[in-house]
1. When you look at B:Ala98, is it surrounded by 17 or more Cβ atoms within 10 Å (Cβ to Cβ), more than 26 Å from the chain's Cα centre (by Cα) and within 14 Å of chain A (Cβ to nearest Cβ), yes or no?
2. Of these, B:Ala171, B:Ala165, B:Ala146, B:Ala176, which one is under 15 Å from B:Leu27 (Cβ atoms) and small (Gly, Ala, Ser)?
3. Within segment B:73-88, can you find the residues that are over 18 Å from B:Pro185 (Cα atoms), more than 7 Å from every other protein chain (Cβ to nearest Cβ) and surrounded by fewer than 18 Cβ atoms within 10 Å (Cβ to Cβ)?
4. Only residues that are in contact with a Leu (Cβ under 8 Å, 6 or more places away or on another chain), assigned to a loop (DSSP other than H, G, I, E, B) and of a type outside the set (Phe, Trp, Tyr): list them for segment B:114-137, please.
5. Exactly one condition in (1) basic (Lys, Arg); (2) in contact with a Phe, Trp or Tyr (Cβ under 6 Å, 6 or more places away or on another chain); (3) more than 10 Å from chain A (Cβ to nearest Cβ) is false for B:Arg54; which is it?
6. Of the numbered conditions (1) buried (at least 24 other Cβ atoms within 10 Å of the Cβ); (2) part of a helix (DSSP H, G or I), B:Ser38 satisfies every one except a single condition; which is it?
7. The conditions are (1) under 24 Å from A:Ser54 (Cα atoms); (2) charged (D, E, K, R); (3) modelled with pLDDT of 90 or more, and A:Arg126 fails exactly one of them. Which is it?
8. Among B:Gly31, B:Gly53, B:Gly36, which is small (Gly, Ala, Ser), within 20 Å of the chain's Cα centre (by Cα) and closer than 17 Å to B:Glu5 by Cβ?
Amino acid sequence: MTRGRWFAPSLVVALAAALTFLTLPVVAIFVRTSPANLLGALDDPGVLDALWLSLRTTLIAVAIIVVVGTPAAYLLATRTFRGHALVVTLVELPLVLPPAVAGVGLLAALGPGGIAGGAIEDAGLRLVFETAGVVVALTFVAAPFFIRGAQAAFGAVDRSWLEASRTLGAGEARTFLRVAIPAAAPGMLAGLALAWGRAVGEFGATLIFAGSFRGRTQTAPLAIYERLGTDFDAALALSAVLVAIAGALLLSAKLLGVRGVARAAR
Amino acid sequence: MLRVEARTTLGAFALDAALEVPAGSCLALAGPSGAGKSTLLRIAAGLMRPQRGRVTCGDDVWLDTATGRQVAPELRACGYVFQDYALFGHMAVWQNVAYGLRGLARAERRRRAEELLARFGIAQLADERPRTLSGGERQRVALARALAPKPRVLLLDEPLSALDARTRASASRELAGVLRDTGVPALLVTHDFTEAAVLGDRVAVIDAGQIVQEGTAGELAAAPGSSFIADFTGAVVLTGVARPGPGADEVTVVDLDGGGVATSTDRGSGAVALSVHPWEISLEPAGARGEGSAQNHLDAEVVTVTRVANRVRVALAAPQPLVAEITGAAVGELHLAPGVRVTATWKATATRLVSL
């Protein structure tokens, strides 16, 4: 008995330390200043502009990610081909890319002097320092979260369901819409929540590629950074809103993930 | 008429098989797992493409690797019952059944689905989710779903293997009825020879990717082409009506259909199937009611004598056909040849009963 006595308590100590360290900043955001101050700071038109811009850009980015990412994830989940693993790795690359690198890369690719910059200019599009550029940066960093989740969800759909659909007269497209997507929906939504959470918090790539102009490219995280020195209460208020959004998204991802796993197990 | 010819290799496994199923008849494709049964079924449905092969249904060519013709699975109208039934978990039972009904209003699709469910005695389950159903109910839903679009061919992959022993007997009887009624070619895959014998008009035994013998179940059991088939065909099955035996032993006496009685130590009543392994049956000169302990004696006439490896299969004509497996020496001693009359003998303790 004496030999093992220190082990279990030390696990508890480690967890307690981790929990304290990881939650303290979140708690501090809400207790550092009074709730009245927080709400008052939200009245600032600049703060509201930033939140509104964040909402619009993240929704557009997530919509693009879902529309393009869903069929791409389905292909990755249901087909094997030469270079499959390489394609999966490339799609996941933005997950580990430093955001600043992502921003520089986007500039080099899509900026005025970038390798595809000319084509974009010819098409009459302007991305750098524009709201559209924010959407591009958000899509770039957040897409892998959704594609990974959707690919795993499609991969977990019983192959015989898809085959049964085919033998019952449904073509590939109908099988995709009527069987694969509904069956994979919980996992896809979990991936979507994570992607959205990543997009809402995006900072580095957006700053480098789109800049930080109020009302045009200054999303909530950029607004927090700008107010740090001048209006700490406003920074705290914005942070509190983002914490609430992030918490809600994480919770829904967890719940959907649990439901998806439970459904798959039945 | 469904015709399937396929040659394909999957790693070390090579499939080279051809089969034909006439309309209104069921061919049971029986063999051990990994023999290539399901692969043939998937090729017939178009879920898999063999390296070389040809699949035709009536005058329609579904697959011809020589000409490059390949019809997509959704255009073949195959009713396919999957091994685990593959019911769509996100749809109600009636929606599963109605899935293959196209170009109809929702109300009409629901009406037709319910009609089919009623035929299988599960109309009350229309709004349930598949996960709440028992194995037997799922099997019926899968069958109803496969039949709903009026398929031109019925393909069944181990349709009874997911059921427990009690459900299996009734599901098997019901399935036999469905197969009789549909009037389309049916190809059924099973690893169980008894199931193949009950459900198939003919049985093709497949082993290591090759069809090793095809015939009626009786033919295969009586004259197996190899020791593998002899082992695989397993028990002789007789049917009859069970009643309690006399005395305090609580044995069961079965009045066999067509005449004769047999005794079993299993309990049973009403219509039963009685099974005994060919190697449990010994042969004696006609009329002998031996001194031994065996309780069962049936007079029979030798039909064929087939040597299989180091043993001999003797097919016997009795009110119901029997097969005995004996040694070559015994054949000589009894002068066994077609037409010779013998008495088949086996123990009550080697006799299994299954309620029908």
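1. Considered against the rule, which asks whether it is surrounded by 17 or more Cβ atoms within 10 Å (Cβ to Cβ), more than 26 Å from the chain's Cα centre (by Cα) and within 14 Å of chain A (Cβ to nearest Cβ), B:Ala98 comes out as yes.
2. Exactly one of B:Ala171, B:Ala165, B:Ala146, B:Ala176 is under 15 Å from B:Leu27 (Cβ atoms) and small (Gly, Ala, Ser), namely B:Ala176.
3. The one that is over 18 Å from B:Pro185 (Cα atoms), more than 7 Å from every other protein chain (Cβ to nearest Cβ) and surrounded by fewer than 18 Cβ atoms within 10 Å (Cβ to Cβ): B:Gln83.
4. Listed by number, the residues that qualify are B:Ala126, B:Leu133.
5. Of the numbered conditions (1) basic (Lys, Arg); (2) in contact with a Phe, Trp or Tyr (Cβ under 6 Å, 6 or more places away or on another chain); (3) more than 10 Å from chain A (Cβ to nearest Cβ), the odd one out for B:Arg54 is (2).
6. Among (1) buried (at least 24 other Cβ atoms within 10 Å of the Cβ); (2) part of a helix (DSSP H, G or I), the lone unmet condition for B:Ser38 is (1).
7. Of everything listed in (1) under 24 Å from A:Ser54 (Cα atoms); (2) charged (D, E, K, R); (3) modelled with pLDDT of 90 or more, A:Arg126 misses just condition (3).
8. Matching residue, one of B:Gly31, B:Gly53, B:Gly36: B:Gly36.
The values are calculated or read from the model by the stated rules, or taken from the named source; none is laboratory data. It should be emphasised that the depicted structure is a prediction, and the values quoted were computed from it without experimental measurement. Glycine also receives a Cβ, built like all others from the backbone with ideal geometry; neighbour counts cover every protein chain displayed.
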